[in-house]
Amino acid sequence: MGLFALAINPLGFVVTSALFLIGGFLVLGERRPLVLACVGIGVAVGFWIMFTLLDVQLDWGIFGRALS
Amino acid sequence: MIEGLMTGLAGLMTPVNLGLLVLGCLLGTFIGMMPGLGPVTAVSLLIPVVLQMPAASAMVLLAAIYYGAMFGGSTASVLINAPGESSSVPTTFDGYPMARRGEAGRALALCAWGSFVGGTVATILLMAAAPTLAAFALTFHAPEYFALMVLGLTAVAAFTDSGGVVKALLMTVLGLMLATIGTDVADGVERYTFGIADIADGLSFVLLAMAAFALSEAILSALKNEKISEEAKKAARGDVGTLKLTRDDVKEVAPTMLRASVLGFIVGVLPGAGATIAAFMSYAVERNLATGQRREEFGKGSRRGLTAPETANNAAAGGAYVPLLTLGIPGSGTTAVILGALIALGVQPGPRLYTDQSEMFWTVVVSMYLGNLILLVINLPLIPYIARTLAIPEQILSPLILFFCLVGVYLVSFNSFDLWLMIGLAIVCLGLRLLDYPMAPLLLGFVLGKLMEENLRRALLVNDGSFAFLWERPVTALLLSLSFGCLLLPVVLRLVRQKKTV
């Protein structure tokens, strides 16, 4: 959780969320790569889509700055 | 009253509000079904979301989540013997034995009908009691409000679930202390901020609610990392049997439901007593009223033993709304969270809510009733499908809940300092929980602390700094005497018990 708080500003919402979820699943013993990738990335991207639709702009951190 | 009901119905009958009601019931059932997660966690998790909505819609969603989570808790109690929170514990006594006999569907139907009747009776009694109480409370001024809040806090400590009165009082004081953090509104002086600009406005209520309930609960279950039980796997296959009740069932449980509804409502109105005491009390009452064969069935799958606590805890949840909506005093942990949400939405609960924002008051009342109806009509048939979520492995669920907490707090302020603060507070709260300190009084102290200080300072200002109003105003003096009585009650009870054992 501390890492999430540290990473959210530099890495942005989506990347931090996906890494946090995948890391959490791994620490608690989930090893199936498909589950890790689908749930981790799926939830992070799903949240981003939901909040973008609600007009809440979520930061992409260094990735956003690199793209622009 | 009829006019009010019509106003409420009109307020609720928008596609958005109806959608939120159905969504809240389903989501609440889903969260409440997760072992260890109860209504307080469900409501806390949703607060960051509701803060973006209009106040009436937010209240509709929170009420639906509250009822849904209570129903979900009962489902987990019946199917896998894992109550989501303490008020569902008596449901396991007879619900789980029924499920083991292969009557899980029937037990769930009894729960749903019990919840529906309890909720309906509570709503009717709320409609009758709230206007009278609100009219009386309109005569209250700052000194009476201050005394009322003191009574609310002491009563919560005195009737605390775990029986640890001293621990509950300590947590209340800690909550009051946390409420003093930030800039003093009257003098502009910063208190306990240690020069940190991020807490100059005080601690955020959402942050504390998340740390005390949702996050510490999620960390606890992540640390336990339990494997799914065989019962959960069986329930997840949707194998619950018939959901229909027979005529004999109805005849057997109808009087129980009515008794438990009235008892549950009365207990729910009392500050601090709440759903747990109501559920245990009504279970005990039904067992004492039963005779012969019926009495022996208790604990082995009695229909009356299952229906009584289920009806009572829902009626108590309705009852807890009476002091919340009319006096602005929450009667339980969940209503404390709802009060915090209301204040954050800019709504001041109290007698003025009934007179000045009657549309919102009635929308909440009608949504409570419709919420119960939805639980019965939509949720009950969906139970075999919702039960499949019981099979979500803990290693997936725990990180998801941790993530929801972090995102919830981050999205309110977009400030990573709040995340650190929440993590720190959650670790402290986790330690306190492991030492058996109750969390509800902490949150109540925090929510009521600011209001209490405001009213005390206003009263002192009007009385030229003199504290004489505490004993010169009859209602204030009476309320403070009752608070003193609440503090003395556990001591007296312990002395009586000791004398009996000697």
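The values are calculated or read from the model by the stated rules, or taken from the named source; none is laboratory data. Worth saying up front: this structure is predicted, and the values here are computed from it rather than measured. Cβ coordinates were reconstructed from backbone atoms using ideal geometry, including for glycine residues, and neighbour counts include every protein chain displayed.
For the stretch B:194-212, the tally of residues that are β-branched (V, I, T), under 15 Å from B:V447 (Cα atoms) and surrounded by fewer than 19 Cβ atoms within 10 Å (Cβ to Cβ) stands at 0. Quick one: in the stretch B:131-169, which of the residues that are touching a Phe, Trp or Tyr at 6+ places or on another chain (Cβ under 7 Å) and modelled with pLDDT under 85 is surrounded by the most Cβ atoms within 10 Å (Cβ to Cβ)? Selected residue: B:A134. Among residues of the stretch B:466-488 that are closer than 18 Å to B:F136 by Cα, those with a beta-carbon under 6 Å from a residue that is surrounded by 13 or more Cβ atoms within 10 Å (Cβ to Cβ) and small (G, A, S) at least six positions away or on a different chain give the pairs B:T476/B:A147; B:L479/B:A147; B:L480/B:A147. When the helices (runs of 4 or more DSSP H) confined to chain A are screened for residues that are more than 8 Å from chain B (Cβ to nearest Cβ) and closer than 13 Å to B:L400 by Cα, those reaching at least 3 such residues are found at A:13-27, A:33-53.
Which residue out of B:L456, B:L448 is assigned to a helix (DSSP H, G or I) and within 25 Å of the chain's Cα centre (by Cα)? It would help to see each step written out before you state the result.
Details: B:L456 fails: within 25 Å of the chain's Cα centre (by Cα).
Checking each option against the conditions leaves just B:L448.
In the stretch A:14-56, how many are of a type in the set (F, W, Y), under 12 Å from the mean Cα position of the chain (by Cα) and modelled with pLDDT of 90 or more? Qualifying residue count for the region: 1. The one condition from (1) over 20 Å from B:V366 (Cβ atoms); (2) buried (at least 24 other Cβ atoms within 10 Å of the Cβ) that B:F30 does not meet is (2). Summed over the stretch B:393-424, residues that are at the interface with chain A (Cβ under 8 Å from one of its Cβ atoms) and assigned to a helix (DSSP H, G or I) total 16. Within the stretch A:29-58, the residues that satisfy the criterion of being in contact with a Leu (Cβ under 9 Å, 6 or more places away or on another chain), of a type outside the set (G, A, S) and surrounded by 12 or more Cβ atoms within 10 Å (Cβ to Cβ) are A:E30, A:L36, A:V39, A:I41, A:V43, A:F47, A:W48, A:F51, A:V56, A:L58. In the stretch B:123-149, the residue that is nearest to the chain's Cα centre (by Cα) out of those that are of a type in the set (S, T, Y) and part of a helix (DSSP H, G or I) is B:T123.
Could you grab me the full set of residues in the stretch B:359-385 that are surrounded by fewer than 17 Cβ atoms within 10 Å (Cβ to Cβ) and touching a residue at least 40 places away in the same chain (Cβ under 8 Å)?
B:E359, B:L373, B:I378, B:P381, B:L382, B:Y385 - these are the residues of the stretch B:359-385 that are surrounded by fewer than 17 Cβ atoms within 10 Å (Cβ to Cβ) and touching a residue at least 40 places away in the same chain (Cβ under 8 Å).
Tell me, yes or no, whether the stretch B:371-392 has at least one residue that is within 14 Å of chain A (Cβ to nearest Cβ), over 25 Å from B:M452 (Cα atoms) and of a type in the set (A, V, I, L, M, F, W, C). The answer is yes; a qualifying residue exists.
Taking the stretch B:425-442 on its own, how many of its residues are part of a helix (DSSP H, G or I) and either small (G, A, S) or out of contact with any Gly (no Cβ under 6 Å at 6 or more places or on another chain) (or both)? Working first, answer last.
First pass over the stretch B:425-442, keeping only residues part of a helix (DSSP H, G or I): B:425-434, B:440-442.
Restricting the remaining residues to those that are either small (G, A, S) or out of contact with any Gly (no Cβ under 6 Å at 6 or more places or on another chain) (or both) gives B:425-434, B:440-441.
Number satisfying all stated conditions: 12.
For beta carbons closer than 7 Å, sequence separation of 6+ or different chains, a first residue in the stretch A:1-15 that is on the phi > 0 side of the Ramachandran plot and in contact (Cβ under 8 Å) with a residue 40 or more places away in the chain and a second that is surrounded by fewer than 18 Cβ atoms within 10 Å (Cβ to Cβ) and part of a loop (DSSP other than H, G, I, E, B), the qualifying pairs are A:G12/A:D59; A:G12/A:W60.
Being small (G, A, S), buried (at least 24 other Cβ atoms within 10 Å of the Cβ) and assigned to a helix (DSSP H, G or I) is the filter here; which residues of the stretch B:281-338 pass it? Spell out the reasoning first.
Within the stretch B:281-338, the subset small (G, A, S) is B:282, B:284, B:290, B:292, B:299, B:301-302, B:305, B:308, B:312, B:315-320, B:328, B:331-333, B:336.
Applying the additional criterion that residues be buried (at least 24 other Cβ atoms within 10 Å of the Cβ) yields B:282, B:302, B:305, B:308, B:312, B:315-320, B:328, B:331-333, B:336.
Once the filter is applied, which keeps residues that are small (G, A, S), buried (at least 24 other Cβ atoms within 10 Å of the Cβ) and assigned to a helix (DSSP H, G or I), the stretch B:281-338 yields B:S282, B:G305, B:A308, B:A312, B:A315, B:A316, B:A317, B:G318, B:G319, B:G333, B:A336.
Condition check ((1) in contact with a Leu (Cβ under 7 Å, 6 or more places away or on another chain); (2) modelled with pLDDT under 80) across all residues:
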{"position": "B:E3", "(1), (2)": "no, yes"}
{"position": "B:V22", "(1), (2)": "no, no"}
{"position": "B:F30", "(1), (2)": "no, no"}
{"position": "B:L37", "(1), (2)": "no, yes"}
{"position": "B:V49", "(1), (2)": "no, no"}
{"position": "B:S74", "(1), (2)": "no, no"}
{"position": "B:S77", "(1), (2)": "no, no"}
{"position": "B:S87", "(1), (2)": "no, yes"}
{"position": "B:M98", "(1), (2)": "yes, no"}
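The lone criterion from (1) buried (at least 18 other Cβ atoms within 10 Å of the Cβ); (2) under 27 Å from the mean Cα position of the chain (by Cα) left unmet by B:R473 is number (2).
Residues B:G119, B:G114, B:G95, B:G105: which one is within 23 Å of B:P351 (Cα to Cα), in contact (Cβ under 8 Å) with a residue 12 or more places away in the chain and part of a helix (DSSP H, G or I)?
On the way: B:G114 fails: within 23 Å of B:P351 (Cα to Cα); B:G95 fails: within 23 Å of B:P351 (Cα to Cα); B:G105 fails: within 23 Å of B:P351 (Cα to Cα).
After applying the criteria, what remains is B:G119.
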